[in-house]
1. Scan the range 423-430 and give yes if some residue there is in contact with a Gly (Cβ under 9 Å, 6 or more places away or on another chain), on the phi < 0 side of the Ramachandran plot and among the polar types (S, T, N, Q), otherwise no.
2. Exactly one of these conditions fails for Thr647: (1) of a type in the set (Ser, Thr, Tyr); (2) modelled with pLDDT under 80; (3) under 28 Å from Asp16 (Cβ atoms). Give me its number.
3. Please go through the range 114-129 and pick out each residue that is farther than 16 Å from Pro287 by Cα, touching a Phe, Trp or Tyr at 6+ places or on another chain (Cβ under 8 Å) and hydroxyl-bearing (Ser, Thr, Tyr).
4. Of everything in the range 249-274, what is open to solvent by 50 Å² or more (accessible area, probe 1.4 Å) and assigned to a helix (DSSP H, G or I)? Give them in sequence order.
5. Tell me, please, whether a residue that is at pLDDT below 90, part of a helix (DSSP H, G or I) and touching a helix residue (DSSP H, G or I) at 6+ places or on another chain (Cβ under 8 Å) can be found in the range 235-243.
6. Here's a check for you: in the range 352-370, which residue that is of a type outside the set (Val, Ile, Thr) and open to solvent by less than 60 Å² (accessible area, probe 1.4 Å) is nearest to Lys328 (Cα to Cα)?
7. Tell me which residues, restricted to the range 464-486, are out of contact with any His (no Cβ under 6 Å at 6 or more places or on another chain), closer than 21 Å to Gly413 by Cβ and either in contact (Cβ under 8 Å) with a residue 60 or more places away in the chain or of a type outside the set (Asp, Glu) (or both).
8. Restricting to the range 211-234, count the residues that are in a strand (DSSP E or B) and not charged (D, E, K, R).
Amino acid sequence: MNFREFYQTADRILNDAIISLWATGDARMQDYIRYVLKSEKLLAEPVFQTMFPWELFGSDMNSLVDHGIFTDKFLKALDRLDSVRWSEPDGFPYKSYCFKSDTFPYKHQVESWKKLLIDKKSIVVTTGTSSGKTECFMLPVLQDLTTVKVREHEPAVRAIFLYPLNALIGSQKKRVHAWTKSIGNVTYGIYNGKTPEGPAAQRAKEKHAPEIISRSDLRSSPPDILFTNPTMLEYMLVRDKDAPILEKSNGKLRWIILDETHTLSGSVAAEMALLLRRVLDAFGVEPAQVRFVATSATVGGGNKDSLVKFMSCLTGKSEADIHIVSGKRILPEYEVLPDELCKPNELRISAHRDEKIKAIRNKILQNEVLSATEISAPFAIKGIENQLDLVTSLSHTKNVLPVRGHFFVKGIGGLYACTNPLCSKHGERRPLSSIGTLTASKAPLCDFCNSPMLEMVACASCNNHLITGEKYQEGTLTKYRIPGETNEDPFSLDIDNGEDTAHPQHDEIFYAARTNENFNADHLFTFSLNADETVNPEGDDYTEAFNDQDEPVCPYCKAKIENPFHFRISSVFMNRVLTDAVMEQTPELNRQDADASWYGHRYIAFMDSRQGSSKVSALLNIDAETNWVRSQIFHKLSSLNQPVRLTDNER
């Protein structure tokens, strides 16, 4: 990835999109808003996470048979997946999940396996992304269950995999399906809101085996491994029709896996702790009989003692029975950086270049994350573009500095205007048409002249700018201020100012314009705002307007003010605008598909809100289809040998 190119493109696209949305047709105002956004920086300084490889174990998987961790039969079952000819229900190839016996596992994976299978400990895996965390717990569970099933043939839930989101369950399903089918005597089932009531037809059972695919079949023949989420697990504990699962699994539960543990904090963690205790009681087992595994790439903060205590409180296990697996990255040998890849010039001409690169590598290995400035410090490189050139050069040479970039975009909850007409923070850059000195950062007072700040909005009817705020009483004094909270939905569809938009409720909202001679409203009230937010009715800086019903109206067009345009940018808007910048940096597919959008380029966008994800995906699909149709029309017209003449009706 070219970090400088992405940063510049993203910054340019965001600024252009916002300015065209906010200041259409007003060149002076466009220049001013561009200056405000540039000075306050829409994009924060990027930070970079090390992606150096994880330390490998000293021997391959076969050696773990001698260590008593895995059996030879178990490893052969995982090894043979690249040669089987099964076809999954959805056609996905099994060989993608082959775990070759001559593979050298990571050292932290072997540590996890030993603690779980030999020492019978519970563990917390805190290694970073792409570190094989799934194998840390999945292989020990499967090895244990395949051994247990030799002597225990009765169907029962012996392992519960608890995920906060159904999407995370889906990401593990193919892997589990491949491994359990190859092992042969272990079954699994998914119990969530999408699981059909059943029972399944015999042909469907055979097609999906070893997965148990219906709720009816889950109750009559509980799977060895049950994938579920906290809500469905709660239901299972209290619903009479699910009682057969608990009855047949009484005393059989051996494993509970808690993935994405960083989602457990505060009251959520307390609720999970109580749920786990009810689960143990319902399944008729004690904490000492169950091995727990918790995983997360971001949990713990490096304090192992506090993490052990947290895990103990969460699960009821003794602290002595809990082990933390953190893993270790290593510095591989790297190729010498060729001069033609050295950008910026400070890197190419630098004395002791290799020693400085080694210092950067050691520092990011120790700290895991560094900013662009911190990476550039040994070369004394200034300016974010030049710093990103350095990171790009180092990351593009094999094993020198493999990193993952993290880019942060500033959220804009509104534009805010200083109420002091004489504020000179931006000098002549501020056009006379601006309602005040503007900023995209919400604050009660101007950071230059210390005058009150109010939000700027636009009349939905005539587009003229107004200031708005909350009118409140403090004793006998009337004051104006920015409302304490906006209650805006961060996933609202772009700038949705429709009639159904929910607005926060405040004591009284006022709207005012800079006083001038172009007002058409009949009932006007002029005022100024003092430094302590009190209203000065003798002043004439701003003007409120009212109709005969004493309702606020626009001073310019006399339209009733109900849903003014707020200068806010939603996360949906940001995501849509940045799609092209991200796509340009993603690799093409190995196969060329001329009909695919972006020639097969793709990326994944995550959100913490289900509603937000749905809205973003719908709008991105609309954008992609619209752009595809436009491109097809353009290329079709370009391929014609004669000019296109439109009929009168078409015109």
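1. So far as the range 423-430 goes, no, none of its residues is in contact with a Gly (Cβ under 9 Å, 6 or more places away or on another chain), on the phi < 0 side of the Ramachandran plot and among the polar types (S, T, N, Q).
2. (3)
3. Listed by number, the list holds a single entry, Thr127.
4. If the condition is that a residue be open to solvent by 50 Å² or more (accessible area, probe 1.4 Å) and assigned to a helix (DSSP H, G or I), then His262, Thr263, Gly266, Ser267, Val268, Ala270, Glu271, Leu274 are the ones that fit.
5. The answer is no, given that none of the residues of the range 235-243 is at pLDDT below 90, part of a helix (DSSP H, G or I) and touching a helix residue (DSSP H, G or I) at 6+ places or on another chain (Cβ under 8 Å).
6. Only one residue fits best here, namely Leu365.
7. Residues satisfying the conditions are His465, Leu466, Ile467, Thr468, Gly469, Lys471, Tyr472, Tyr480, Arg481, Ile482, Gly484, Thr486.
8. 5
The values are calculated or read from the model by the stated rules, or taken from the named source; none is laboratory data. None of the values given here were measured: they were computed from a predicted structure. We place every Cβ from the backbone using ideal geometry, glycine too, and count neighbours over all the protein chains shown. Protein only, heavy atoms only, side chains kept; ligands, DNA and RNA dropped before computing areas. Shrake-Rupley method; radii C 1.70, N 1.55, O 1.52, S 1.80 Å.
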